[in-house]
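Contents: one structure, followed by commentary.
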Amino acid sequence: KLPIMYNLPTGVKNPLEGEKYIALCCITKNLVKDMPLETAVELIRRINKETDCKVVLTGAGESSVEYAEKLAHAGVEFVNMVNKTNLLELGAILKGSEGLISCDTGTMHFANALGVPTVAVFYAKDMFPIWGPKSDWYDSVIIENNQTAENIFDEFMKKVKVGV
C-alpha cells in the first residue's frame, strides 16, 4: 500500500508567508476527540516560551470560533486563522509551517498528504486503529496515551527541530 500524497497547485498563496510558525488544530466534529482547552493553553504557552515560532490556530465552524475565543480569553498568544482560509490556503499554511499538532481531524490527514511533519493526538482510543496515520508511511508521531501538553510539546520537538 502507498500513502496518499498531495501537491498544492502552483500559485497558491500562503497568507503567513515569511513567518515561522507551528500549526495547531484542536477541534474536531466530535467533542470526545477535541483537545482539552487547558492542554491547548499550556501547549501554546510552552511553544511561545521555548521556541522562536508563532502558533497558528486552524479550524472551521462555530465550535472552533468559540474555542479560539476561549484561548484568547485565557491570555495566550496565537494567530487566529479559524474560518479565514479556503482549503488550498489551509494547505499552503500547513505546508509553510514547521509542523502540525492536531487532533484526529481532516486537517491532520491533509497535512500528512502534504508531507508536513505531524504530531497526531488521539483522545478517542477506538479511532486510532481506524483513522491513525501510519508512521512508516507519513512523517507523523501518534500520541494515544499521555496526552499532556508537556508530552505533546516534547514529541513535537523531537519530530521537528525548531529554534529556541
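The values are calculated or read from the model by the stated rules, or taken from the named source; none is laboratory data. What you see is a predicted model; the values in this text were computed from it and never measured. Note: ideal-geometry Cβ built from the backbone for every residue, glycine included; neighbour counts use all protein chains shown. Ligands, DNA and RNA are excluded from the accessible area calculation, which covers all protein heavy atoms including side chains. Shrake-Rupley method; radii C 1.70, N 1.55, O 1.52, S 1.80 Å.
Taken along the Cα-to-beta-carbon direction at a fixed 7 Å, the label points for I4 and H73 span 3.5 nm. For L31, the accessible area of its heavy atoms, probed at 1.4 Å with every protein chain present, is near 140 square angstrom. Taken over the alpha carbons of the chain as equal point scatterers, the Debye sum produces base-10 log I(q)/I(0) values at 0.11, 0.12, 0.16 Å⁻¹ of -0.39, -0.46, -0.87.
Only helices enter the 222 nm calculation for the chain: every DSSP H run of n ≥ 4 contributes -39,500 (n - 2.57), and dividing by all residues gives -10500 deg cm²/dmol, rounded to 500.
Among the trypsin sites (Lys or Arg not before Pro) found in the range 26-132, those both in a DSSP coil and sparsely packed, with 13 or fewer other Cβ atoms within 10 Å of their Cβ, are K29, K125. Restriction of the GluC sites (Glu not before Pro) in the range 1-69 to DSSP coil positions whose beta-carbon has at most 13 other beta-carbons within 10 angstrom yields E17.
Considering only T51, T118, T107, give the residue with the highest GNM mean-square fluctuation for the chain, with springs between Cα atoms whenever their separation is below 10 Å. Of T51, T118, T107, the Gaussian network model singles out T51 as fluctuating most. Would you mind pulling out the separation of the Cα centroids of the range 49-87 and the range 104-124, in Å? When both Cα centres are located, 17 Å separates them.
Ordered from largest to smallest accessible area (heavy atoms of protein chains, 1.4 Å probe), the residues F78, F156 come out as F78, F156.
Note on the chain: GNM, Cα springs under 10 Å; of D104, D52, D34, the largest mean-square fluctuation is that of D52. Using the Cβ-Cβ distance between N146 and N48 with R0 set to 22 Å, the FRET efficiency works out to roughly 0.50. The simple spin-label model puts a point 7 Å past each Cα toward its Cβ; for V65 and N30 those points are separated by 2.5 nm.
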